[in-house]
1. Using the Cα centre as the reference, give the magnitude of the dipole from point charges on the C-beta atoms of the stretch 37-155 (Lys, Arg: +1; Asp, Glu: -1; all else neutral), rounded to the nearest 20 debye.
2. Which of Q74, A124, G146 sits closest to the plus end of the dipole of the stretch 37-155, meaning its Cα is farthest towards the positive end, when Lys and Arg get +1 and Asp and Glu get -1 on the C-beta?
3. Which order do the peptides 146-156, 81-91 take when ranked by the mean count of other beta-carbon atoms within 10 Å per residue, highest first?
4. Run the numbers for S56 and S117: contour at 0.36 nm per residue of separation, minus the present Cα-Cα distance, in nm.
5. DSSP loop (so not H, G, I, E, B), at most 14 other Cβ within 10 Å: list which trypsin sites (Lys or Arg not before Pro) in the stretch 110-151 pass both filters.
6. According to a simple spin-label model (label point 7 Å from Cα along Cα-to-Cβ), what is the distance in nm between Q85 and R129?
7. Scan around L88 for amide H atoms under 5 Å from its own, H built in the peptide plane at 1.01 Å from N, and keep only partners 5 or more places away or cross-chain.
8. On a full-extension model of 0.36 nm per residue, what is the gain between Q70 and H141, subtracting their alpha-carbon distance, rounded to one decimal in nm?
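Every number here is computed from the coordinates shown, using simple stated rules; none is lab data. All figures in this text were calculated on a predicted structure; none of them were measured in a lab. Cβ placement follows ideal geometry from the backbone for every residue including glycine, while neighbour counts extend to all protein chains displayed.
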Amino acid sequence: MAGAERRRGRATFAWLLGALLLVPGAGPARAADAGPIEFEVTVVQVSPSGSGVDRSDARARRVDQLLGRQLRYQSLKVLDSVHRQVPLGGVGTVRLPSGRSFRFRPVDVGPQGVLVSVDLEKTAQGDFRIPRGKPLVLGGHPYEDGQLVVILEPDY
């Protein structure tokens, strides 16, 4: 008797799971019909020596506010800022000044943010959920007299 109830319970669970997958909007928050996601990728060089932060550059001031509590540095310079439109499952690529690549792939969008797989060549790999308005900051590899930092910001 217990075996029959267990099988019936499993069948009911499987049916409910199947029905849930058929309900519109019950699956991943953003389906294949959604358009591409806008990303801004900012590449910054931070250094323990140098001339500080260029206060005339609005991007540098913004990045300084963002990084000020996370990294120690004496100088900060925005090297590049690029926009990419990447569909779910697609791959965005940015060539870094060091010759390495930064690749990212949006996997899912939900109420808690965009799930993105990232690969900062020879430095960092992983999956990160990026909440709305909270950029992902990846400390990078050595570059010239400091190191590169990559900031990934989705706009969805």
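1. 180 debye
2. Q74
3. Going from most to least packed, we get 146-156, 81-91.
4. 18.6 nm
5. Those satisfying the criteria are K122, R132.
6. In this crude spin-label approximation the distance works out to 2.8 nm.
7. Hits under the 5 Å cutoff: I37.
8. 24.0 nm
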